[in-house]
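Some notes on the structure that comes next.
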Amino acid sequence: MSVPHRDDLAPEERDLLARAAAAAPAPPEPRWGEYRAELRARLDAQRSPAARLRRWWARPAPIALSFGLATALLLFALQPVERRPDFAAVDEAVLGARLGLLEHYRVVERLDLLEELDVIRQLDHLPSREG
Amino acid sequence: MLLPGDSGMGSWTAEGRVTDELEAMSDETLCRRIAARDDVAFDLLVARYQGRAYRLAWSLLRHAEDARDVSQDAFIRVWEAADRFRGDARFSTWFYRILVNLCLDHKRRGRWWTRVVARDADRDADALVERQPAPGPDPGDQVSKAQTMARLWEAVHRLSPQQRAAVVLYAQEHLSTAEIADVLRVAEATVRVHLHRAVAALRKELAP
């Protein structure tokens, strides 16, 4: 073989390698037209939107994203369910707590007087209308 | 002009012929056109490299169907990654790197499986060795020579995948040790070690 290279091989060693390469039997030759048609079909399949989507999903970022979403959904689904408040029950509880007040309804009825307590206390200090 | 092989698909334009301009383009220019999604450039590059790609894959994998699949995979990678070809090395080196890596990956992936089916593949290859023509007047010498060739081929096959890749790229594809180092992504010194070990193994095989 006459290829000059920095390979540190002696000529007979190069010759041995060349003989070894030449010893390879000829591979069964494909029909090149079929070969290229098959390649074209594979390439077209590769370029289809579905294949692109599959490749996109195979990338690390989408995998991490989908894993994160799945985890979030799972956590959301598994979290303890907070029962919605039953408003009727709340009303009943409030009313129950106020039963004592109802027993003193007469007094409670007059509680609105207390709203004016400040005014009542200041009655003596109010300027007379006469002046 | 017809492409090598036959008149199937290939670098035929819509008008039915390849322009001389495309024919004259270097591999590197064609690769740049592929990066711009030029189908005709792709077909032309495939036609230029299909034989070498298949033969190299076959030498490394020793299985016709695998060689066909893997060499096609390499062309698909070229289509996908053409825009990443920087042009600081020859296209052939870049392409061989893709192809050899795919072959080595294929061997690594299918190691357990190939052990099971290797016998059939080896039988096919042995049959091919036996089918090699034996021209010449002395049948005895020719048989002896064919046997030596078969032993050499077997010895090459027994080398580690990287060593075998180095030998095939060196002796079959005539790449320099620097180019082989680039293809295999190893130091040039490592390539020289691969070649020396391969020579030692072959010598041992041929020793009486």
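The values are calculated or read from the model by the stated rules, or taken from the named source; none is laboratory data. Everything quoted here is computed from the prediction, not taken from an experiment. All Cβ positions, even for glycine, are placed from backbone atoms using ideal geometry, and neighbour counts span all protein chains on display.
Taking the stretch A:1-74 and the helices (runs of 4 or more DSSP H) fully enclosed by it, the elements with 1 or more residues that are polar (S, T, N, Q) and facing another protein chain (nearest Cβ under 7 Å) are at A:32-47. Might you check whether a residue that is over 24 Å from B:GLU21 (Cβ atoms) and within 11 Å of chain A (Cβ to nearest Cβ) occurs anywhere in the stretch B:80-92? Yes, because at least one residue in the stretch B:80-92 is over 24 Å from B:GLU21 (Cβ atoms) and within 11 Å of chain A (Cβ to nearest Cβ). Annotation note: of B:VAL143, B:VAL129, the sole residue that is closer than 28 Å to A:GLU13 by Cα, surrounded by 15 or more Cβ atoms within 10 Å (Cβ to Cβ), modelled with pLDDT under 80 and of a type in the set (A, V, I, L, M, F, W, C) is B:VAL129.
Have a look at A:ALA18, A:ALA70 and point out the one that is at pLDDT 85 or above, closer than 30 Å to B:ALA146 by Cα and surrounded by 10 or more Cβ atoms within 10 Å (Cβ to Cβ). Being at pLDDT 85 or above, closer than 30 Å to B:ALA146 by Cα and surrounded by 10 or more Cβ atoms within 10 Å (Cβ to Cβ) holds for just one of A:ALA18, A:ALA70, which is A:ALA18. Of all residues being over 12 Å from the mean Cα position of the chain (by Cα) and under 14 Å from B:ARG52 (Cα atoms) in the stretch B:74-93, which is modelled with the highest pLDDT? Just the residue, please. Taking the candidates together, the pick is B:PHE75. Taken residue by residue, the stretch B:2-12 has no member that is modelled with pLDDT under 95 and in a helix (DSSP H, G or I). Within the stretch A:24-54, the set of residues being farther than 21 Å from B:ARG68 by Cα and either touching a strand residue (DSSP E or B) at 6+ places or on another chain (Cβ under 6 Å) or surrounded by 12 or more Cβ atoms within 10 Å (Cβ to Cβ) (or both) comprises just one member, A:ALA51.
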